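*Asks:* Below: one structure in structure tokens.
The values are calculated or read from the model by the stated rules, or taken from the named source; none is laboratory data. As the structure is a prediction and not an experimental result, all values here were calculated from the model. Please note: Cβ atoms are built from the backbone with ideal geometry, for glycine as well, and neighbour counts cover all protein chains shown. Note: areas computed on protein heavy atoms with side chains; ligands, DNA, RNA excluded. Shrake-Rupley method; radii C 1.70, N 1.55, O 1.52, S 1.80 Å.
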Amino acid sequence: MSKIENIILLPNTERDVDLCYTKEIAAMALSAGAKVYADEKLQKKLQNTALTYLPEEKLFEAEADVAIVLGGDGSMLDACAKAAPAGLPVLGVNLGNLGFLTTIEKNEIAALKDVFENGFETEERTMLSVTVKDGETEKSFSVLNEVTITSSICAKIAIVELKCDDSVALSCHADGVIIATPTGSTAYSLSAGGPMIDPALEAICVTPICPHSLTTRPLVFAPTAHLTVRGKTNCTANTGILVTPDGKEGLLVSEKAEITVTKSPLKTKLAKVNKHRFFDILSNKMYHK
């Protein structure tokens, strides 16, 4: 990739409280001749008239080469969901804890100077399309990590049935199920006993959460699979279930709802600025943290 001409800065202000890292990157980008876009709500804090400030909802309409996220994995997931429709690469600076999706650590910010001058490579990640139909209501969203379908009441079991192309593939009593991408296989799914999947693969992983069974195990489906899920909470007072995309606010739906999950036509583009490979990152962040 050639020299970067336009960037979007997306700091998590709870992580970069005084915006010192954001200011450092902005100055570096401007020095390299790049145009820098930022949320207009940050104008007073950034105090830099050389930046171009836009309303938050207009940021991803800017003609940018990359969005630079300062935060953790939650910040990355939010930015990737907004950047994917525009085909915009996302580069993460880890100010959080694990930072599995981020590209560099905060003590490596100086490496961005070379990025601004010489560009970067990108790595595409599979996303999932999720559609929830509940009576006359229909909602759709795309996820990079996972969608979870769980009991709506803490400590109450959920009864879940999952079909793959109209064939029952899983029927269980559990806290719920996680339907994850290879990228999401090292997140919540991993904690629930799911497999670690190389993100270069295209696949869909289904991991039961605390199944009340000795034989229920995670399943890995082809990227062409068409998954449908129905479920209910085992409680007469409230049988609804909770659908949660990428750890965001959950959607409470009735037991009659049908959740459809397929591979999304969208891709997340993650910027790479070093030669770290997936299993190097896995070792450094998961085994030696």
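*Asks:* Please pick out the residue among Asp65, Asp73 that is over 14 Å from the mean Cα position of the chain (by Cα) and of a type in the set (D, E, K, R). Spell out how you get there, then give the answer.
*Replies:* Details: Asp73 fails: over 14 Å from the mean Cα position of the chain (by Cα).
Result: Asp65 is the single residue among Asp65, Asp73 that is over 14 Å from the mean Cα position of the chain (by Cα) and of a type in the set (D, E, K, R).
*Asks:* Return a yes/no flag: does the stretch 248-260 have any residue that is under 20 Å from the mean Cα position of the chain (by Cα) and β-branched (Val, Ile, Thr).
*Replies:* Within the stretch 248-260, the first condition is being under 20 Å from the mean Cα position of the chain (by Cα), and the residues that meet it are 248-251, 259-260.
Adding the requirement that they be β-branched (Val, Ile, Thr) leaves 259-260.
Within the stretch 248-260 (the criterion being under 20 Å from the mean Cα position of the chain (by Cα) and β-branched (Val, Ile, Thr)), the answer is yes, since at least one residue qualifies.
*Asks:* Residues of the stretch 69-79 being in a helix (DSSP H, G or I) and under 11 Å from Thr102 (Cα atoms), which ones?
*Replies:* Asp73, Gly74, Ser75, Met76, Leu77
*Asks:* Among the residues of the stretch 46-67 satisfying the criterion of being among the polar types (S, T, N, Q) and touching a Lys or Arg at 6+ places or on another chain (Cβ under 8 Å), which is surrounded by the most Cβ atoms within 10 Å (Cβ to Cβ)?
*Replies:* If we filter the stretch 46-67 for residues that are among the polar types (S, T, N, Q), which is where we start, we get 47-49, 52.
When the remaining residues are screened for being touching a Lys or Arg at 6+ places or on another chain (Cβ under 8 Å), the result is 48, 52.
Values: Asn48: 17, Thr52: 14.
Filtering the stretch 46-67 for residues that are among the polar types (S, T, N, Q) and touching a Lys or Arg at 6+ places or on another chain (Cβ under 8 Å), the one surrounded by the most Cβ atoms within 10 Å (Cβ to Cβ) comes out as Asn48.
*Asks:* A further question on this structure: Could you list all residues from the stretch 5-20 that are open to solvent by less than 60 Å² (accessible area, probe 1.4 Å) and either among the aromatic types (Phe, Trp, Tyr) or within 16 Å of Val66 (Cβ to Cβ) (or both)?
*Replies:* Correct list: Asn6, Ile7, Ile8, Leu9, Leu10, Pro11.
*Asks:* Right, something else. Given the conditions (1) under 13 Å from the mean Cα position of the chain (by Cα); (2) closer than 15 Å to Glu255 by Cα, and given that Val143 satisfies all but one, which numbered condition is not satisfied?
*Replies:* If we test Val143 against (1) under 13 Å from the mean Cα position of the chain (by Cα); (2) closer than 15 Å to Glu255 by Cα, just (2) comes out false.
*Asks:* Looking at Glu105, Glu121, Glu146, Glu117, which one is in contact with a Gly (Cβ under 8 Å, 6 or more places away or on another chain) and under 27 Å from Asn6 (Cβ atoms)? Steps first, please.
*Replies:* On the way: Glu121 fails: in contact with a Gly (Cβ under 8 Å, 6 or more places away or on another chain); Glu146 fails: under 27 Å from Asn6 (Cβ atoms); Glu117 fails: in contact with a Gly (Cβ under 8 Å, 6 or more places away or on another chain).
Answer to the check: Glu105.
*Asks:* Count, please, the residues in the stretch 71-94 that happen to be more than 20 Å from Ser191 (Cα to Cα), open to solvent by less than 20 Å² (accessible area, probe 1.4 Å) and touching a Lys or Arg at 6+ places or on another chain (Cβ under 9 Å).
*Replies:* Looking only at that region, the number is 10.
*Asks:* What tally of residues in the stretch 33-45 results from selecting those that are open to solvent by less than 80 Å² (accessible area, probe 1.4 Å) and over 21 Å from Ala83 (Cβ atoms)?
*Replies:* Within the stretch 33-45, the first condition is being open to solvent by less than 80 Å² (accessible area, probe 1.4 Å), and the residues that meet it are 33-34, 36-39, 42.
Keeping just the survivors that are over 21 Å from Ala83 (Cβ atoms) gives 33.
Residues meeting the conditions: 1.
*Asks:* For the stretch 1-45, give me the residue count where each residue is hydrophobic (A, V, I, L, M, F, W, C) and outside any helix (DSSP H, G or I). Break it down stepwise before answering.
*Replies:* Taking the stretch 1-45 first, the residues hydrophobic (A, V, I, L, M, F, W, C) are 1, 4, 7-10, 17, 19-20, 25-30, 32, 34, 36, 38, 42.
If we keep only those that are outside any helix (DSSP H, G or I) too, we end up with 1, 4, 7-10, 17, 19, 32, 34, 36, 38.
Summing the residues that are hydrophobic (A, V, I, L, M, F, W, C) and outside any helix (DSSP H, G or I) in the stretch 1-45 gives 12.
*Asks:* Here's a follow-up. Which members of the stretch 1-33 meet the condition of being closer than 13 Å to Leu51 by Cα and polar (S, T, N, Q)?
*Replies:* Those that are closer than 13 Å to Leu51 by Cα and polar (S, T, N, Q): Asn6, Thr22, Ser31.
*Asks:* Let me ask another. I'd like to know if the stretch 194-202 contains one or more residues that are open to solvent by less than 20 Å² (accessible area, probe 1.4 Å), in contact with a Cys (Cβ under 9 Å, 6 or more places away or on another chain) and in a loop (DSSP other than H, G, I, E, B).
*Replies:* Taking the stretch 194-202 and keeping what is open to solvent by less than 20 Å² (accessible area, probe 1.4 Å), we get 194, 197, 199.
With the extra rule that they be in contact with a Cys (Cβ under 9 Å, 6 or more places away or on another chain), the set shrinks to 194, 197.
Among the residues that remain, those that are also in a loop (DSSP other than H, G, I, E, B) are: 194, 197.
Yes, that holds for at least one residue.
*Asks:* Considering every residue within the stretch 212-229, establish whether at least one is of a type in the set (Gly, Ala, Ser), more than 18 Å from His173 (Cα to Cα) and touching a strand residue (DSSP E or B) at 6+ places or on another chain (Cβ under 7 Å). Write out each step before concluding.
*Replies:* Restricting attention to the stretch 212-229, the residues satisfying the condition of being of a type in the set (Gly, Ala, Ser) are 213, 222, 225.
When the remaining residues are screened for being more than 18 Å from His173 (Cα to Cα), the result is 222, 225.
Imposing the further condition that a residue be touching a strand residue (DSSP E or B) at 6+ places or on another chain (Cβ under 7 Å) reduces the set to 225.
Yes, some residue in the stretch 212-229 is of a type in the set (Gly, Ala, Ser), more than 18 Å from His173 (Cα to Cα) and touching a strand residue (DSSP E or B) at 6+ places or on another chain (Cβ under 7 Å).
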